[in-house]
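Notes to accompany the following structure.
Rule-based calculations on the coordinates, nothing more; no lab input. This one's a predicted model, so the numbers in the text were calculated from it and none came from an experiment. Glycine also receives a Cβ, built like all others from the backbone with ideal geometry; neighbour counts cover every protein chain displayed.
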Amino acid sequence: MDAFYASVEQLDFPSLRGKPVAVGGNKERGVVAAASYEARRYGVKSAMSSKMAALKCPGLIFVKPRFERYKELSIQIRKIFFSYTDLVEPLSLDEAFLDVTENHFNMPSATVIAAEIRDRIKKETGLNASAGISYNKFLAKIASDLNKPNGQAVITPKQANDFLEKLAIERFFGIGKVTAEKMKRLGIHNGADLKQYSLDFLTRRFGKSGLHYYNIVRGIHESAVNPHRDRKSLSVEHTFDKDVHLPHEVDKLLEELLEELLLRMEKNNIWGRTLTVKLKFKDFSQQTRSRTLSRFLSSDEVKALSRELVYQEALKMPIRLLGLGISNFDQDRDKTGRQLYFESFFEDENSDLPDGV
């Protein structure tokens, strides 16, 4: 979905349409959860501090998130997905992988299916969606960003090699900002540079991820679309209206977070072995502290351990954000599949790749 949270707000409140909107935070503090395309033109992005966003865009309108509304629309959109295929792997409220190799309408073209799904989403919800089509999840994910907003793109097997060699290293799905900087220090700026390094070298430099990087630059990604994808973690966090430092203030806010986390654990029937505490301080420095037990943590152990981790060392300065997460409860599963025909993203197979990809 395109700028999902912000687009929902503009859909429900016509006075926000055409204006720069940020969901989450306010002009003084907090974090932007989503930004409308009007706000993005000013450089406003999700995960940016709202104070910085307000500086970049003086006319920015902040609205409080309404997650129940977003979930309601997400469920409606997923029903559209499931009308085409049972193989739907949600990544978040606004994004999912679909395997349409075998689909309910026996349609031979993934490109046509994507266009039809996008059209139905627009007609039934009023929201715009973009799509990426390719022969594996990694390439489909990259393609989904090529023609945003309200567009779609295809990377065919014939195009994949040239496309990946020209792709900037930070555009590779799964290569974050820190890893991209490490690669650039090695002279790896695009896929062609990455391809020059052996599997042995990449494994020594990047551990287990080295094999992943070696494969993806060659268009290899064997992860199947998994409709029963196991959750790896569950977390909650709050950015406070004002920084807190006194123990009784921290304790009160920790209790509220614990209540929310435990409710979500019970609702989803999730019990893990690892508890993680996240602290962000007044100067925006951040710490994470974890503890893993050999057994699933009980509610009482989650409460006791969270307090122990928060006060593991003296709080060096006031806290602006506190988070709790539970993990280490399931293992992923994988499958294999066959290939479906799709049409070229480009007007003909020999046309040049778009500039800047």
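Within the stretch 11-52, track down each residue that is surrounded by 22 or more Cβ atoms within 10 Å (Cβ to Cβ) and either assigned to a helix (DSSP H, G or I) or out of contact with any strand residue (DSSP E or B) (no Cβ under 9 Å at 6 or more places or on another chain) (or both).
Scanning the stretch 11-52 gives ALA39, SER50.
Quick one: which residue in SER209, SER198, SER233, SER223 is in contact with a strand residue (DSSP E or B) (Cβ under 6 Å, 6 or more places away or on another chain) and of a type in the set (S, T, N, Q)?
Just one listed residue meets the conditions, SER233.
Residue by residue, here is whether (1) basic (Lys, Arg); (2) touching a helix residue (DSSP H, G or I) at 6+ places or on another chain (Cβ under 7 Å); (3) loosely packed, with under 13 Cβ neighbours inside 10 Å holds:
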site	(1), (2), (3)
MET265	no, no, no
ARG291	yes, yes, no
PHE296	no, no, no
GLU301	no, no, no
LEU305	no, no, no
GLU313	no, no, yes
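Among the strands (runs of 3 or more DSSP E) lying completely within the stretch 243-329, list those that include at least 3 residues that are in contact (Cβ under 8 Å) with a residue 60 or more places away in the chain and at negative phi.
Strands (runs of 3 or more DSSP E) meeting the threshold: 319-327.
Looking for whichever is part of a helix (DSSP H, G or I) and over 21 Å from the mean Cα position of the chain (by Cα) here; the options are LEU194, LEU139. Which one fits?
Answer to the selection: LEU194.
For the stretch 101-127, enumerate the residues that are surrounded by 15 or more Cβ atoms within 10 Å (Cβ to Cβ) and touching a helix residue (DSSP H, G or I) at 6+ places or on another chain (Cβ under 7 Å).
Within the stretch 101-127, ASN103, ILE117, ARG120, ILE121, THR125, LEU127 qualify.
Going by the conditions given, is ALA114 touching a strand residue (DSSP E or B) at 6+ places or on another chain (Cβ under 9 Å) and closer than 28 Å to LYS242 by Cβ?
no
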